[in-house]
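Peer 1: Below is one structure. I have some questions about it.
The values are calculated or read from the model by the stated rules, or taken from the named source; none is laboratory data. Keep in mind the model is a prediction, meaning the values are calculated, not measured. Cβ atoms come from the backbone with ideal geometry, glycine included; neighbour counts cover every protein chain shown. These area figures cover heavy atoms from the full protein model, side chains too; ligands, DNA and RNA do not enter into them. Shrake-Rupley method; radii C 1.70, N 1.55, O 1.52, S 1.80 Å.
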Amino acid sequence: MAALVDDVRTIREENPFESMMSRFDHAAQLLQLDLDLYKVLRVPNREITTYIPVFMDDGHIEVFTGYRVQHNFARGPAKGGIRYAPDVTLDEVRALAAWMTWKCAVVNIPFGGAKGGIICDPSQMSQSELERMTRRYTAELIDFIGPERDVPAPDMNTNEQTMAWIMDTYSMHARHTVTAVVTGKPIDLAGSRGRREATGRGLLIVIDEAVKKLAMKPEETRVVVQGSGNVGGIAATLMHEKGYKIVAISDIHGGIHNPKGLDISRVMAHLAKHRTLEKYPEADPVSNHELLELDCEVLLPAATENQITSNNASRIKCKILAEGANGPTTAAADDVLERNGVFVIPDILANAGGVTCSYFEWVQDRMGYFWKEDVVNERLQDIMVASFHDVSKYAETHGVNNRIAAYMLAIDRVAYITRVRGIYA
Ligand code: NAD
């Protein structure tokens, strides 16, 4: 019976929507959000489930389940990525959509939040199967997305090519080229310079600010990175260039550890060549679970949800937890980290560099005028630094941790706009 109760607790703890809602409820209570606004903001605006028939290469049809959850439009068009994975659930997409609303509000850009996902295993699909699935999913969503409505972007297992297919399908239906319907496009297809690196660069910027605040020095700061994809790989590369000592990094199969520091450019070259970190010569193998508990000053989870839970939070040794992934820490783990004095840079702030640069891409597409990379990076730096200090100041003024401060700041901004616009009820 005890085991069953533990299982149920774990299932609840590891449901990202529950994790999001418990922080939302806590922040709303501290803000004394009025009950009507609370009722409106705690639910998504719209949830779409669509069944996507796809001709597979051998001629048979598979039907995939796809979601798009549009959480909030109060501050502008909904914005958020699309992920392809076998374990996508509606609750996960719901949580990710809400996090997008709060994230856009934390960095004060004029978007609401949305997220999409398709239950599929992209590693088992050919490029042409992925293309047909993406185009049909886009066709199903055609009345709900668009530059003024909802602007998708890449997320796990989707990329610039996926965005190009969405943009092309949408444009074919619109009968003219609509570049601003998605962000994260290839640069030559109205993408933004700096977008590919923006989430990793944003992490570097906020970690730099936290390191300064805690009177630490980059060259004496050991960093552990979980995940070596767009976020983890690029954050590790940029931090290595800046003098931080990256002592461990992983991919889905496991990680590598060298307490003296890894040469990240060689690690990334090994990964590109072999498609795995295994057998990297100058390091010891380590599992993804062990990696999280390594000695370090900065821990940067950049893979997936629920990595730091009530089971392992007490063994996390970092001083700074910079959340590259969305939802890597469960709500139950927050209290343990706070008790242990870990300085958390919460996901809705730490990984907001990506959506900030997506905002720049959307602006550039609508102007038809494209900025140089240093202009993009400078504007990103301004927004990330200001947002880091907005959240820290809010935390200090209200005597709450950084995560609750970020939620309070975001909910306050969305609630204010909702009140000003009025509720069309
Ligand atoms: P990605 O697919 O490029 O890379 C994911 C990395 O994590 C890979 O190294 C993969 O091997 C590893 N991984 C996947 N599942 C894992 C597991 N169960 N355990 C351990 N490692 C695992 O994805 P990404 O774009 O880097 O996104 C990573 C995280 O960052 C996601 O939570 C995503 O929502 C979030 N995020 C991404 C962006 C962006 O701009 N790409 C922006 C904000 C947040």
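Peer 1: I need the peptides 281-288, 172-179, 113-120 ranked by packing, meaning the mean over residues of other C-beta atoms within 10 angstrom, with the highest value on top.
Peer 2: Answer by packing, highest mean first, reads 113-120, 281-288, 172-179.
Peer 1: Here's something else I'd like to know. Let me spell out the model: positive unit charges on the Cβ of Lys and Arg, negative unit charges on the Cβ of Asp and Glu, origin at the Cα centre of the chain. What dipole size does that give, in debye rounded to 20?
Peer 2: On the way: 46 positive and 56 negative charges, 209 e Å.
For this selection, approximately 1000 debye.
Peer 1: Taking the Cα atoms of the chain, what is the range of coordinates along each of the three principal axes, in descending order and whole Å?
Peer 2: Over the chain, Cα extents along the principal axes are 58, 56, 54 Å.
Peer 1: Same structure again: Could you pull out the trypsin sites (Lys or Arg not before Pro) across the stretch 319-416 that fall in loop regions by DSSP (anything but H, G, I, E, B) with no more than 15 other Cβ atoms inside 10 Å?
Peer 2: Lys372
Peer 1: Where in the chain are the DSSP H helices whose C-alpha atoms run 18 Å or more along the long axis and whose mean Kyte hydropathy is at least 0.5?
Peer 2: Values: long enough: 16-31 (22 Å, -0.05); 90-106 (24 Å, 0.57); 127-140 (20 Å, -1.68); 160-174 (21 Å, -0.29); 195-213 (28 Å, -0.25); 353-367 (21 Å, -0.26); 373-398 (37 Å, -0.50); 402-421 (29 Å, 0.33).
Qualifying helices, which must be both long enough and hydrophobic enough, are 90-106.
Peer 1: Let me ask something else. Give me the dipole magnitude in Debye, nearest 20, for the stretch 281-399 about the Cα centre, with unit charges on the beta carbon: positive for Lys and Arg, negative for Asp and Glu.
Peer 2: Dipole about the Cα centre, nearest 20: 260 debye.
Peer 1: Another question about this same structure. In whole Å, how far is the Cα centre of the stretch 29-63 from that of the stretch 375-425?
Peer 2: Comparing the Cα centres of the stretch 29-63 and the stretch 375-425, I get a distance of 24 Å.
Peer 1: Highest mean first, what order results for 40-53, 15-28, 218-231 on Cβ atoms within 10 Å? Intermediate values should be presented prior to the final figure.
Peer 2: On the way: 40-53: 15.6, 15-28: 20.0, 218-231: 22.1.
Going by the mean number of other Cβ atoms within 10 Å, highest first, we get 218-231, 15-28, 40-53.
Peer 1: Continuing with this model, one more query. Among Ala180, Asn159, Gly422, which residue has its Cα furthest toward the positive end of the charge dipole of the chain, with +1 on Lys/Arg Cβ and -1 on Asp/Glu Cβ?
Peer 2: With unit charges placed on the Cβ atoms, the residue in question is Gly422.
Peer 1: In percent, what relative contact order does the chain have, based on Cα pairs under 8 Å that are 6 or more apart in sequence?
Peer 2: 17
Peer 1: Follow-up. Counting only protein heavy atoms, what percent of the accessible surface of the stretch 306-384 is carbon or sulfur at a 1.4 Å probe? Don't skip to the end; give the middle numbers.
Peer 2: Numbers: 1340 of 2960 Å².
Accessible surface attributable to carbon and sulfur in the stretch 306-384 totals 45 percent.
Peer 1: Then there's this: Once fully extended, how much extra length lies between Thr65 and Thr50, figured as 0.36 nm per residue of separation less the alpha-carbon to alpha-carbon distance?
Peer 2: 4.8 nm
Peer 1: Any idea what the dipole of the stretch 356-425 comes to, in debye rounded to 20, about its Cα centre with Lys/Arg Cβ at +1 and Asp/Glu Cβ at -1?
Peer 2: Roughly 380 debye, rounded to the nearest 20.
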